[in-house]
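Enquirer: Please find one structure pasted underneath; my questions will follow.
What follows is calculated from the coordinates using simple rules that are stated; it is not laboratory data. Computed from a predicted model, the values in this text were never measured in an experiment. No Cβ is skipped: glycine too gets one built from the backbone with ideal geometry, and neighbour counts run over all protein chains shown.
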Amino acid sequence: MRLAVISDIHGNLLALEAVLADIEGRGVDAIVNLGDCVTSPLWPKETFERLGELDLPTVRGNHDRWIVEMPEAKLSPAGRFARAALSEAERAALHALPPMLEVSPDILAVHGTPADDSTYLLEDVMDGRLAPAARATVAARLGAAARPGGVVLCGHSHRQAVVQGPEGCLVLNPGSVGCPVFADNPAAPTLEHRSPHARYAILTRRRGAWGAELMALDYDWHAAARRAAANGREDWAVAMVTGAVSPA
């Protein structure tokens with residue numbers, strides 16, 4: 001079994017197409033999407049339409065939920081851009097996505113944690129940066145989802161990781177397809193160094209054991225930066241080409 005895992009596309013259609021092209025040549029059995037599909041000043045509507053063509057099993061991310069639930073005044077600028085770009089029916093379709101998916105009897109897909117799409121599963125914020133969470137913290141966040149020999153797929157932090165959790169459970173974060181750092185996050189300028197690559201993962205089961213490949217792909221991130229700048233978001237343009245946001 002080979003399962004491609006994508007997450008946190010954030011409306012970056014160019015990065016998504018690069019990932020899909022790479023997946024096509026790797027002989028996977030299926031693709032699962034862990035959410036945060038469109039929120040950005042990039043191509044939210046076009047990305048929604050492309051994902052509609054693919055019809056992938058998809059988990060609802062916090063931004064997919066907020067595009068309906070969050071009051072306009074509290075929504076981030078990127079969230080307001082995406083909300084305006086989508087029709088009411090399209091926004092409702094994102095909101096209707098399930099908060100978790102049982103991909104198979106031993107693979108659970110979530111966005112953040114099994115209980116909360118806005119909480120990191122494998123990281124904590126320390127001094128304005130993400131740091132690996134303590135074992136007890138990860139175990140508490142996993143709860144009953146930590147099954148012997150099972151897998152939990154998560155996104156949200158935009159950081160690739162493979163962790164052996166409690167009960168021998170494997171936790172896989174594929175990283176972000178199209179958003180190395182969410183520039184609207186107030187902590188973005190203080191985050192650790194990242195890169196602009198389009199990221200995803202392949203989960204493979206061989207002889208009863210799970211393994212994972214973490215992918216980081218080159219794509220035309222300068223074009224993505226030009227799109228952000230054309231939509232008035234120079235901070236996003238910087239993030240697209242450097243994986244970082246400059247302090248104001």
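Enquirer: Calculate the all-directions average of the projected area of the chain's alpha-carbon convex hull, and give it in nm².
Expert: On the way: hull surface 49.9 nm².
About 12.5 nm², averaged over all directions.
Enquirer: Could you compute the net charge surrounding Arg227? Neighbours are other residues with a C-beta less than 13 Å from the C-beta of Arg227; K and R count +1, D and E count -1.
Expert: It works out to a net charge of 0.
Enquirer: Sorted from fewest to most neighbouring beta carbons within 10 Å, what does the list Thr39, Thr119 look like? Please list the in-between numbers first.
Expert: Working: Thr39 30, Thr119 17.
Going from sparsest to densest Cβ surroundings: Thr119, Thr39.
Enquirer: What size of dipole, in debye to the nearest 20, comes out for region 2-240 about its Cα centre when the only charges are +1 on Lys and Arg C-beta atoms and -1 on Asp and Glu C-beta atoms?
Expert: 360
Enquirer: Calculate for the chain the 222 nm mean residue ellipticity that helices alone would give, adding -39,500 (n - 2.57) per DSSP H run of length 4 or more and normalising by residue count, nearest 500 deg cm²/dmol.
Expert: -8500 deg cm²/dmol
Enquirer: Pick out, from Leu217, Ser195, Leu121, the residue whose Cα sits farthest towards the positive end of the charge dipole of the chain, with +1 on the Cβ of Lys and Arg and -1 on the Cβ of Asp and Glu.
Expert: Leu121
Enquirer: If you don't mind, there's one more thing I want to ask. Can you tell me the FRET efficiency between Glu213 and Ala92 if r is taken as the Cβ-Cβ distance and R0 is 41 Å, rounded to the nearest 0.05? Intermediate values should be presented prior to the final figure.
Expert: Numbers: r = 35 Å, r/R0 = 0.86.
Result of the calculation: an efficiency of 0.70.
Enquirer: Calculate I(q)/I(0) for region 1-90 by the Debye formula, one identical point scatterer on each C-alpha and no solvent, and give its log10 at q = 0.17, 0.26 Å⁻¹ to two decimals.
Expert: Computed log10 I(q)/I(0) values: -0.68, -1.37.
Enquirer: Which ordering of Glu90, Glu53, Glu24 is given by a fewest-first count of other beta-carbon atoms within 10 Å?
Expert: By the 10 Å Cβ count, ascending: Glu53, Glu24, Glu90.
Enquirer: While we're looking at this one, here's another question. In the chain, with Lys and Arg counted as +1 and Asp and Glu as -1 at Cβ, which of these residues, Leu34, Gly150, Val59, has the Cα nearest the positive end of the dipole, that is, farthest along it?
Expert: Positive-most Cα among the choices belongs to Gly150.
Enquirer: Let me ask another. Quick one: putting +1 on the C-beta of Lys and Arg, -1 on the C-beta of Asp and Glu, what dipole do you get for region 1-137 around its Cα centre, in Debye to the nearest 20?
Expert: Values: 12 positive and 22 negative charges, 53 e Å.
Charge dipole, region 1-137, about its Cα centre: 260 debye, nearest 20.
Enquirer: Now a separate question. How big is the dipole moment of region 144-221 about its Cα centre under a simple scheme where the beta carbon of each Lys and Arg is +1, that of each Asp and Glu is -1, and everything else is neutral? Debye, nearest 20, please.
Expert: 400
Enquirer: What's the local net charge at Ile202, with K and R +1, D and E -1, over the other residues with C-beta under 15 Å away? Spell out each step's value before the answer.
Expert: On the way: positive: Arg2, Arg26, Arg199, Arg205, Arg206; negative: Asp22, Glu24, Asp29, Glu213.
Net charge in that neighbourhood comes out at +1.
Enquirer: For the charge dipole of region 2-240, defined by +1 on Lys and Arg C-beta atoms and -1 on Asp and Glu C-beta atoms about the Cα centroid, which residue among Val68, Pro174, Val19 has the Cα displaced farthest towards the positive pole?
Expert: Projecting each Cα onto the dipole axis, the largest value belongs to Pro174.
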